[in-house]
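Data block below; observations after.
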Amino acid sequence: VFVLRGDTGRDAWWQIGILALGGLSMLGSILAYFKYYFHVTEDEIIISKGILKKTNLTIPFDRVQSVDFEQTIIHQILDVVKVKIDTAGSANSELDIDALELPIAEKLRSIIISYQKAHKKIDVDDMGEVIEEAEEKEEVPILQVDIPELIKVGISQNHLKTGGLIIAFGFAAFNELEQIFEGFASEQLEQIDVEQLAPDPWSIALFALGVAVFFLFLSFLITLVLTVVRYYDMKVSRSDKGFKLVAGLFNRKEISAVHRKVQIVKWGYNALQKILGLFRVNILQAASELAIQKPRFALPGVYESQVNQFIGEYFPPAVLQQFKSFRVHPLIIYRYTLFYGFFPAVVFCLVAYLSGKTLLFTFALIFPFMLIWTIYYQRNWRLEVNDDCIKTTSGVFGRQFHLLHLYKVQSIDLSQSWFQRRRSLAHLNIHTAGGSITIPYLDIQSAQDIKNYMLYKVEKSRKAWM
Amino acid sequence: MSFENPQLDIHELPAYQESDYMPLELAYKKVIHWISAFFVLILLSGPLLLYFVADIKEEKWIFWVAFGLWFLISAIIMGLVGPAFRQKGYAVRERDISYKTGLINRITTTVPFNRVQHCDIKQGVISRYFGLSKLNIYTAGGAKSDLAIPGLSSEKAQKMMDFVLQKTLDFDEEE
């Protein structure tokens, strides 16, 4: 676009137009920079910006929820930070200052914190993270992940998920290219006469295997790179108020898990992680629905002793005793296999039969696969309840654990499909401010007992859930 | 301070499933009837489009099949309004509120008062004509955990909201 040869009229005008637009937007940015002011009074920050449309924003310090810094690679080069000021309130309550020198940014943060400290807004529930950061001095580092360790973590991630993404991305890219080259690729593909190539089943199988291996390798590489980029130089530290995680190569992010806000602790491992003795840990915190996109406190791979440290922080060993255990009803095997195994298999067989493509019959293998899958799914599912907590265990090859305090529960519902009603079964859904947990196919008596017990516990509890 | 810790018999706990569920106002059945009727009318556009727009002059039977299908689906939808209405109900207890709904998939949601964030009352166009309101009770657990009781007379909805808010306040002060 930037190559401007003085050819015939229309093309050149078009190019000049683009250049002019680019110039204008650059001029706009520069003007915006000179027109962007913020100043700090005793108890509020005032921002005025805008070239054509002037905007004045006033944010009282006591409405500020958190002050976060973010650095992209450009920020890092220029040694500035993006300051995000989050306030309690509706959707557009967040305020970003795109680039601020680090000392100034830190000063701004400390002004806001000291104001909030002085005005004792600490006991108000919504005032979270800022206060936490004021007490950073007592931080104790508990976890640091170096490069070899990180590579190990990267190896153990879920490659099938990345594989799926690559395939989806591949299709999208193919579609795009198709539009650009106006069906060139599919024409070429159509010209390959499948019959003439006379593929015997073995070469097809070999080809499929080759493609599968290639995809696995590709997704393996991509997950590895993504993990390293995202969790480069990961540091976790602990203070009285919570945990803090700092990580990232190009984009260093700082995420905190404030004790008071924690609702559910989630941890587990997949088949690969099991071999390597690694666990992933997720700390789910209370968040308004608007803040769902906020980064979650997630550790991709830590060792068992470290997992226990996180769990022990919220659940001392004394509260993790005398669990009463419940299992998922075996009828779940029949139902899930029927819907996700048998019916699809029938459809595949029908299509294979009608189209005469015998290779499609292999897809019917989904039926035995689903059968075995659900047998293990049912066998591994556990719900454990005691005086204080609920713990769930699930997974087929790996395991997934959820653990929460009963008093963190917000509401409970029981749902029964027509089939479940006939067999006296029910889904139990437990909702917390940090997410929901569904326990499938409990027998109705247990489900009702558990619900009544949890209601009793919640209604009796004087503890604040946040 | 005396410390008590009596053993708890789980079957002695108050059971939510044994509460008497109050039915919604009978007029609400009419509201669902109207809403379903509108829906059914929108569905009718399918066969009509087929008749007026699609080129099936030769094969009129396609239209009649579509029309028959529409009639069948409409009859089922309209026929299920009554039974579905009878499934809906709410129960207020000392410390929580429950709402049950659903004909094929039955759901009973219970929200303890000490977890209520806020409440509001909403009124649709059809509901307003019948003098009905919907009471929404919000918790911090997101949309799935919220409770919405439709088909309350407007005074009742207001009264219930005041009651719930009062209860929530009481428990807040206890804490």
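Laid out as a table, the results:
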{"read-out": "Cα Rg, Dmax (largest Cα-Cα span) when computed across the protein assembly as shown, Å", "value": "30.3, 97"}
{"read-out": "Cut-off 17 Å, label 7 Å out along Cα→Cβ of B:L13, residues of the stretch A:417-435 by amide N", "value": "A:426-432"}
{"read-out": "Taking B:D162, A:D413, A:D233 and counting other C-beta atoms within 10 Å, the order from fewest to most", "value": "B:D162, A:D233, A:D413"}
{"read-out": "Inter-probe distance in nm under a simple model that places probes 7 Å from Cα toward Cβ, at A:E70 and A:A118", "value": "3.1 nm"}
{"read-out": "Translational diffusion coefficient (Stokes-Einstein; Kirkwood radius from C-alpha pairs) of the stretch A:266-395 at 37 °C, 0.692 mPa s, in µm²/s", "value": "179 µm²/s"}
{"read-out": "Added length on full extension, which subtracts the Cα-Cα distance from 0.36 nm per residue, A:A298 to A:S203", "value": "29.8 nm"}
{"read-out": "Sum of side-chain charges, A:H329 neighbourhood, beta-carbon under 11 Å (Lys, Arg +1; Asp, Glu -1)", "value": "+2"}
{"read-out": "Ratio of Rg to Rh over chain B (Cα coordinates, Kirkwood Rh, two decimals)", "value": "1.17"}
{"read-out": "Inter-centroid distance (Cα atoms) of the stretch B:113-175 relative to the stretch B:26-87, Å", "value": "33 Å"}
{"read-out": "Value of relative contact order over the stretch A:419-466, rounded to a whole percent, pairs C-alpha under 8 Å and six or more apart", "value": "29 percent"}
{"read-out": "Enclosed volume per residue, in Å³, of the convex hull spanned by Cα atoms of the stretch A:317-466", "value": "129 Å³"}
{"read-out": "Nearest-0.05 FRET efficiency for B:I77 and A:F250, computed from C-beta distance (R0 35 Å)", "value": "0.05"}
{"read-out": "Computed E for A:I47/A:L226 - FRET, C-beta separation, R0 30 angstrom, nearest 0.05", "value": "0.25"}
{"read-out": "Test item: Cα-centred dipole of the protein assembly as shown, Lys/Arg +1 and Asp/Glu -1 on Cβ, debye", "value": "1460 debye"}
{"read-out": "Relative contact order [Cα under 8 Å, 6+ residues apart], the stretch B:49-175, whole percent", "value": "16 percent"}
{"read-out": "Residues B:W34 and A:V346, FRET efficiency given R0 of 56 Å [Cβ-Cβ distance, rounded to 0.05]", "value": "0.85"}
{"read-out": "Cα-based radius of gyration of the stretch A:344-388 once divided by 2.2 N^0.38 Å, which approximates compact folds", "value": "1.89"}
{"read-out": "For A:L371, A:L354, order by how many other beta-carbon atoms lie within 10 Å, fewest first", "value": "A:L354, A:L371"}
{"read-out": "Cross-link pairs A:K82/A:K391; A:K391/A:K463; A:K117/A:K261; A:K235/A:K451; A:K241/B:K134; A:K274/A:K457 - those with Cα-Cα distance over 30 Å", "value": "A:K82/A:K391; A:K235/A:K451; A:K241/B:K134; A:K274/A:K457"}
{"read-out": "Order of B:F52, A:F310, A:F361 under a 10 Å beta carbon neighbour criterion, fewest first", "value": "B:F52, A:F361, A:F310"}
{"read-out": "The stretch B:76-148 - convex hull of alpha carbons, volume per residue in Å³", "value": "112 Å³"}
{"read-out": "Cα Rg, Dmax, the stretch A:201-273, angstrom units", "value": "19.4, 64"}
{"read-out": "Normalised contact order of the stretch A:261-383, rounded percent, pairs of Cα under 8 Å and 6 or more residues apart", "value": "20 percent"}
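No value in this document is a laboratory result; all are computed from the given coordinates. Source: prediction; values computed, not measured. Every residue, glycine as well, gets a Cβ built from its backbone with ideal geometry; the counts of neighbours run over all protein chains shown.
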